[in-house]
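Below is one structure; the comments refer to it alone.
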Amino acid sequence: MGKIKNFFYKRSIKTIFVWYMLGCIFTAILFSLLLSNTCQFVQSRIYNKYQEIYEDTHKEIAIEKGHLIGYFTRDLRSYFTPLEQHLDDAMSFFSIAVYPICFIVCIVGTSVLFYRRQLQKPLAILDHAAGQIADNNLDFKVVYNKDDEMGKLCASFEKMREALQESNEEMWRQMEERKRLNTAFSHDLRTPLTVLKGQIELLRQYAPKMSPEKVSGTSEIMYQHIIRLEAYVKTMGDLQRLEDIEIIRQFIDMDTLYEQLQETGEAVCGNKVFSCECMVDKGADLHVDAAIVQRVFENLLANAVRFAKEKVAVSVDSSDGYLYLMVLDDGTGFAEKDLENATKPFYKTVSETDNEHFGMGLNICKILCEKHGGYIRLNNRNGAVVMAAFKQ
């Protein structure tokens, strides 16, 4: 029985249907012959019952007015009782009718059996899955462990569910990210707006009594905060455009990418000591968006240069379908709070007091890495370590 189940488990629905039909035909013929022979057997029993009497008396003499006219032969059925005649008629009819009846019964039975064993379960699974998706509930799995067409259909449905779930999760992630971004943006706008409001109130009340130097100093403060507001607005615009970036992967050899990273590193690091190490064969082919990789690298490098004391080191690796960029500096490293929050928008590290930077570099790197199918990780190792991964 196990071998039979395993045989059908590995076959397509078309093949299984052919086997079911062959079984149906064989069964119909077998039962038709069996029932037809049974009917004929019942008839033969009735005929045999009167056979001896029939042979002795079936010829009768016809005499008319004392003269012999001839002989006539009686039908064997004339000896049957009325019940036996009806039974004989019924057996004659059914001995022929059993063929279409058996075929119809077997076809219907085979169809029901085929549906229940091959279609009912996967169709119920797909119907349930469709209902769950319609209710916007994607926290389930479509599982049907067969290799036939319905199994492949269920597997395709599961892939669609996973894609929808990933899309929903990404949408929720973007919405949450946008909420955090708007919250951070609103928070950081309060300071320059408060300063501007205070300076305007000062000018409105005391401008006629203020010295030219005081008015000039006040206007300079207002100008600096207006420039800061413009920078904030530009940063927000850049973030909005990041969401619309399309990743265009192209083949590039490691040697070419390594040279580009080396040139960028030497230019950005300036008077800091820069080193770049390639961990794989430089002739290896990569399948990445080189422009995105360069942009992430520039942001990580600029961030490392700001905190490095003397050295910035970079290593490039490729394994498990990912390209890895690791940037290390010899600064004080990340505080515990920084490790949790440094990739959030407008976040400044615990030790950072520079107002010229908005704390967007690592957040931009995080967004670009995730759009490239990768991620970003922060750590400490005799200084800060940031690793960016890009899926090839």
Every residue from the range 78-94 that is open to solvent by less than 40 Å² (accessible area, probe 1.4 Å) and at pLDDT 90 or above
90, 91
May I ask you to list the residues in the range 284-298 that are of a type outside the set (Lys, Arg) and open to solvent by 40 Å² or more (accessible area, probe 1.4 Å)?
285, 287, 291, 298
Give all pairs with beta carbons closer than 8 Å in which a residue from the range 252-276 that is charged (D, E, K, R) meets a residue that is open to solvent by 20 Å² or more (accessible area, probe 1.4 Å) and part of a helix (DSSP H, G or I); count only pairs at least 6 apart in sequence or on separate chains.
272/305
Among the residues of the range 158-197, which ones are under 29 Å from residue 219 (Cα atoms), of a type outside the set (A, V, I, L, M, F, W, C), at pLDDT 70 or above and open to solvent by less than 70 Å² (accessible area, probe 1.4 Å)?
192
Going through (1) at pLDDT below 85; (2) outside any loop (DSSP other than H, G, I, E, B); (3) more than 21 Å from residue 260 (Cα to Cα) one by one, residue 350 fails only at (2)
One residue from 281, 320 being touching a helix residue (DSSP H, G or I) at 6+ places or on another chain (Cβ under 9 Å), exposed (fewer than 13 other Cβ atoms within 10 Å of the Cβ) and charged (D, E, K, R)
281
Pairs with Cβ under 9 Å, 6+ apart, first in the range 111-132 and over 11 Å from residue 20 (Cβ atoms), second open to solvent by less than 70 Å² (accessible area, probe 1.4 Å) and among the small types (Gly, Ala, Ser):
122/151
Return yes when residue 54 is open to solvent by less than 70 Å² (accessible area, probe 1.4 Å), over 30 Å from residue 15 (Cα atoms) and modelled with pLDDT under 75 and no when it is not.
yes
Tally of residues being over 13 Å from residue 160 (Cα atoms) and surrounded by 13 or more Cβ atoms within 10 Å (Cβ to Cβ) across the range 134-146:
2
Can you confirm whether residue 275 is modelled with pLDDT of 85 or more and open to solvent by 40 Å² or more (accessible area, probe 1.4 Å)?
yes
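The values are calculated or read from the model by the stated rules, or taken from the named source; none is laboratory data. The model shown is predicted, which means the values in this text are computed figures rather than measured ones. FYI the Cβ positions are ideal-geometry reconstructions off the backbone, even for glycines, and counts take in every protein chain you see. Side chains included, ligands, DNA and RNA excluded: accessible areas come from the protein's heavy atoms. Shrake-Rupley method; radii C 1.70, N 1.55, O 1.52, S 1.80 Å.
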